[in-house]
Amino acid sequence: MAIELRHLRHFIALAEEGHFGRAAERVYVVQQALSSSIRSLEEELEVTLVLRTTRRVQLTPAGEAFLESARATLAALSLGAERARQAARGEVGRLGIGFVSGLVFGGLPDIVRRFRELYPNVAVDLQELTAQEQEAALRAGQIHLGLLLLPVRDPALDTRALWRQPLVAALPSRHPLARKRRLHIHDLAGENFVFFPRMVRATYFDAVMRWCAASGFTPRIVQEAIEVPTLLSLVAAGLGVFLPIRFFERVSLPGVVYRPLHDSPTIEIVAAWTRSQVNPVVTAFLKVAEETLAQDVLGQSEHLPRTRTPLTTTKTPRRKPGDSGGAEDGT
């Protein structure tokens, strides 16, 4: 006979109650069943655990020693069961997240802060990676979740859109177009542009090129840089204009102003994870992300169903004119 958990529970109850009848009531069995359970346990251990008298039950030295171990075993089992339940709910473990650099301005710090408040037993490991690096890291199991621009090319990955952002125009503050409230993309046809190299942000680059081509011009790119803050610094220096995603309006840089653009294409940034490796921690993080972004003005997104469709150029609705420090309306 192998020792079962019921044997441990019965023995602990008897040791603590000191009476077969009360111990049997405590564990919801008849007294005869409890007595048989203790006898079976003693036979398995080949020791006498209790001394039986007509008035009371007394533990032997072997019983005292076994009581300590039995309690520790049940406590460890209880702790393990709770940790398993927590893991199933996504409340413990590790979460490796890859993200594209711009998301530090798009609400990612707020999402991570809120997630850590709600799930303090989950270790969050953030890695700034390009989209291609994130897909490779997901395949290799080095990260659990990627935050990147569409398209996601790996068919083994599932995605969910978290950010859906229009583009805005970043202009030198003394530029004549800065006097307008809003711009049309064709207003920029004669301007110099600063932008990413296509090899760094191909999806973003191509979306802008298609939009400009539909308005009858090809942007004249005079300077390239990899990081958005660098590009905005080039705008401040007067080298050209730039078309960042709207949440980069949070980057307050002297010499740079932002203006909304009519009929801007919408850029989707998605969460991606390996379909075959369902992780409750990922599910918990996505829920927190959606709830946090719903309260965020610049990072706010339309919550879309899971999709693997390529980047779309959905038209954004026109916004009503508002106060913009005396700027003219470009309509």
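Name the residue that is most open to solvent (accessible area, probe 1.4 Å), counting only residues in the range 231-242 that are over 16 Å from residue 176 (Cβ atoms) and part of a helix (DSSP H, G or I).
233
Modelled with pLDDT of 90 or more, surrounded by fewer than 21 Cβ atoms within 10 Å (Cβ to Cβ) and in a loop (DSSP other than H, G, I, E, B) - does that describe any residue in the range 276-297?
No, because not a single residue in the range 276-297 is modelled with pLDDT of 90 or more, surrounded by fewer than 21 Cβ atoms within 10 Å (Cβ to Cβ) and in a loop (DSSP other than H, G, I, E, B).
Within the range 172-200, track down each residue that is part of a loop (DSSP other than H, G, I, E, B), basic (Lys, Arg) and surrounded by fewer than 19 Cβ atoms within 10 Å (Cβ to Cβ).
Correct list: 174, 181, 198.
On the basis of being out of contact with any strand residue (DSSP E or B) (no Cβ under 6 Å at 6 or more places or on another chain) and buried (at least 17 other Cβ atoms within 10 Å of the Cβ), does residue 228 make the cut?
It is true that residue 228 is out of contact with any strand residue (DSSP E or B) (no Cβ under 6 Å at 6 or more places or on another chain) and buried (at least 17 other Cβ atoms within 10 Å of the Cβ).
Give the range 138-168 a look and list any residue that's assigned to a strand (DSSP E or B), within 15 Å of residue 204 (Cβ to Cβ) and either modelled with pLDDT of 90 or more or in contact with a helix residue (DSSP H, G or I) (Cβ under 8 Å, 6 or more places away or on another chain) (or both), or say none. Quick ask: steps written out before the conclusion?
Start the filter on the range 138-168 by keeping residues that are assigned to a strand (DSSP E or B), which leaves 145-149, 157-168.
This time we only want the ones that are within 15 Å of residue 204 (Cβ to Cβ), so: 147-149, 163-168.
Passing the criteria: 147, 148, 149, 163, 165, 166, 167, 168.
Checking residue 169 against (1) farther than 30 Å from residue 198 by Cα; (2) touching a Pro at 6+ places or on another chain (Cβ under 9 Å); (3) of a type outside the set (Phe, Trp, Tyr); (4) surrounded by 19 or more Cβ atoms within 10 Å (Cβ to Cβ), which single condition isn't satisfied?
All conditions are met except number (1).
In the range 71-111, what count of residues is obtained for those that are among the hydrophobic types (A, V, I, L, M, F, W, C) and out of contact with any helix residue (DSSP H, G or I) (no Cβ under 9 Å at 6 or more places or on another chain)?
7
Just to be sure before I move on: is residue 53 in contact with a Leu (Cβ under 9 Å, 6 or more places away or on another chain) and of a type in the set (Ser, Thr, Tyr) in the structure I sent?
Working: in contact with a Leu (Cβ under 9 Å, 6 or more places away or on another chain): no; of a type in the set (Ser, Thr, Tyr): yes.
Judged against the criteria, residue 53 is not a match.
Output the number of residues of the range 243-275 satisfying the condition of being assigned to a loop (DSSP other than H, G, I, E, B), surrounded by fewer than 19 Cβ atoms within 10 Å (Cβ to Cβ) and more than 18 Å from the chain's Cα centre (by Cα). It would help to see each step written out before you state the result.
Within the range 243-275, the subset assigned to a loop (DSSP other than H, G, I, E, B) is 243-244, 251-255, 262-265, 275.
Next cut, surrounded by fewer than 19 Cβ atoms within 10 Å (Cβ to Cβ) only: 251-255, 262-263, 275.
Those left that are additionally more than 18 Å from the chain's Cα centre (by Cα): 251-255, 262-263.
Result for the range 243-275: 7.
From (1) in a strand (DSSP E or B); (2) open to solvent by less than 20 Å² (accessible area, probe 1.4 Å), pick out the condition that doesn't hold for residue 223.
The one condition residue 223 does not meet is (2).
Only one of (1) without any contact (Cβ under 8 Å) to a residue 60 or more places away in the chain; (2) within 12 Å of residue 282 (Cα to Cα) is not met by residue 144, so which one is it?
Failed condition: (1).
All but one of (1) open to solvent by 40 Å² or more (accessible area, probe 1.4 Å); (2) modelled with pLDDT of 85 or more; (3) under 15 Å from residue 102 (Cα atoms) hold for residue 300; which doesn't?
(2)
Do any helices (runs of 4 or more DSSP H) lying entirely in the range 19-137 carry at least 1 residues that are touching a strand residue (DSSP E or B) at 6+ places or on another chain (Cβ under 9 Å), open to solvent by 80 Å² or more (accessible area, probe 1.4 Å) and not aliphatic (A, V, I, L, M), and which ones are they?
61-88, 108-118
Determine the pairs where a residue that is without any contact (Cβ under 8 Å) to a residue 12 or more places away in the chain and under 15 Å from residue 38 (Cα atoms), located within the range 51-64, has a partner that is part of a loop (DSSP other than H, G, I, E, B) and of a type in the set (S, T, N, Q) with Cβ atoms under 8 Å apart, the partner being 6 or more residues away or on another chain.
Filtered contacts from the range 51-64: 51/60.
The values are calculated or read from the model by the stated rules, or taken from the named source; none is laboratory data. Predicted, not measured: the structure shown is a model, and the values here were computed from it. All Cβ positions, glycine included, derive from the backbone under ideal geometry; neighbour counts span all protein chains shown. Heavy atoms of the whole protein, side chains included, go into the accessibility calculation; ligands, DNA and RNA do not. Shrake-Rupley method; radii C 1.70, N 1.55, O 1.52, S 1.80 Å.
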